[in-house]
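Encoded as structure tokens, the structure appears first; notes follow it.
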Amino acid sequence: MYTIGQVAKFLGISRDTIKYYEEKALVKPQQNSENGYRTYNRFDIYDLTTVNFYRELDLEIKKIQELRKGKSIEGIQLLLEEKEQEVLEEIAYKKLLLKKLQIVKEDCQKIQQYLGTYTIKEMKPLAIMGTIDHYTAYEEYDALKENTDSLKKAVILTSLRRVIRFNEQGMQEDKFMIVKKLEENEKALDEQVLFHPKCLYTVIEDGRWSTGGKNTDDKVEATIRKVAKENGYELLGLVYINLLLATYEEGLERIFLEMYVPIK
């Protein structure tokens, strides 16, 4: 027979956790009628080990109580298969989140390397998953959220593109797209694919800290036209804008955007 202290040390769980399991009738140690101390036998240790395992699977106490009342081997197997699927889905999501984190780390390097400069870059293929024709089109945005599960999670940071279409008279169209980067040799199924082999590429800073809250679209457009003219590039009238990073300075946001401007 063992004391609560011995069992807690042996199993690596706290006394309070064991007491909580007792309150929920998940373990039922014997109690000495003379001194009131509880003692635990090997079956109690098996109970505690099993309950701990189910708790690590994030199983609710109520569910464990039901198991405690009786469950067939087949029933337990079914329960474990359901939890297995949940864990696999969580692993898949964590892998995606890790990939996104690594991309944002790379984006920080882009800011340091390209901020305020212009170079020539390829815009790699992007599959269009959905479009909001105007940033005030709230109904379209709601419909897009319903049809795109990942939009509800934090991992969309690198999946949103602002697309501006312009000509000599100025901006003609301004919309947002949800896109997916296509891996090497990956083919889009039913989605439209964006790809431009040659673009003017730059990183700019936006946000109230640097602009005072003013719209800088016209200023950016003028700079793009100037750079293109100086280098003899013919613009195709498109700009793709991607959020790289948002941070804060003195309580004001600093937003860093990368821009792909397709040229001939």
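Can you pull out every residue in region 215-264 that is assigned to a helix (DSSP H, G or I) and surrounded by 13 or more Cβ atoms within 10 Å (Cβ to Cβ)? Give the steps one after another, and end with the answer.
Of region 215-264, the ones assigned to a helix (DSSP H, G or I) are 217-231.
Scanning region 215-264 gives 217, 220, 221, 223, 224, 225, 227, 228.
Report the residue count in region 1-26 for those that are under 15 Å from residue 39 (Cα atoms) and not hydrophobic (A, V, I, L, M, F, W, C).
Number satisfying all stated conditions: 9.
Do the conditions hold for residue 116, that is, is it within 27 Å of residue 220 (Cβ to Cβ), surrounded by fewer than 11 Cβ atoms within 10 Å (Cβ to Cβ) and of a type in the set (Gly, Ala, Ser)?
yes
On the given criteria, is residue 63 at pLDDT below 90, part of a helix (DSSP H, G or I) and charged (D, E, K, R)?
Criteria met by residue 63.
May I ask you to verify whether residue 16 is over 29 Å from residue 85 (Cα atoms) and buried (at least 17 other Cβ atoms within 10 Å of the Cβ)?
No: the conditions fail for residue 16.
Kindly indicate whether residue 210 is over 25 Å from the mean Cα position of the chain (by Cα) and among the polar types (S, T, N, Q).
On the way: over 25 Å from the mean Cα position of the chain (by Cα): yes; among the polar types (S, T, N, Q): yes.
So residue 210 passes the test.
Mind listing whichever residues of region 50-63 are surrounded by 12 or more Cβ atoms within 10 Å (Cβ to Cβ) and free of Cβ contacts under 8 Å to residues at least 40 places away in the same chain?
Within region 50-63, 50, 51, 54, 55, 57, 59, 61, 63 meet the criteria.
How many residues does region 4-36 hold that are in a loop (DSSP other than H, G, I, E, B) and out of contact with any strand residue (DSSP E or B) (no Cβ under 7 Å at 6 or more places or on another chain)?
Looking only at that region, the number is 12.
Only one of these conditions is not met by residue 45: (1) assigned to a loop (DSSP other than H, G, I, E, B); (2) modelled with pLDDT of 90 or more; (3) not aromatic (Phe, Trp, Tyr). Which number is it?
Tallying (1) assigned to a loop (DSSP other than H, G, I, E, B); (2) modelled with pLDDT of 90 or more; (3) not aromatic (Phe, Trp, Tyr), residue 45 fails exactly one: (1).
Restricting attention to region 183-210, which residues are at pLDDT 80 or above and not in a strand (DSSP E or B)?
If the condition is that a residue be at pLDDT 80 or above and not in a strand (DSSP E or B), then 192, 207, 208, 209, 210 are the ones that fit.
Just checking, does region 104-114 include any residue being outside any helix (DSSP H, G or I) and either out of contact with any Lys or Arg (no Cβ under 8 Å at 6 or more places or on another chain) or not aromatic (Phe, Trp, Tyr) (or both)?
Narrowing region 104-114 to residues outside any helix (DSSP H, G or I): none.
Scanning region 104-114 turns up no residue that is outside any helix (DSSP H, G or I) and either out of contact with any Lys or Arg (no Cβ under 8 Å at 6 or more places or on another chain) or not aromatic (Phe, Trp, Tyr) (or both).
The values are calculated or read from the model by the stated rules, or taken from the named source; none is laboratory data. Quick caveat, the model's predicted, so the values are computed rather than measured. Don't worry about glycine lacking a Cβ; one is built from the backbone with ideal geometry, like all the others, and counts go over all protein chains shown.
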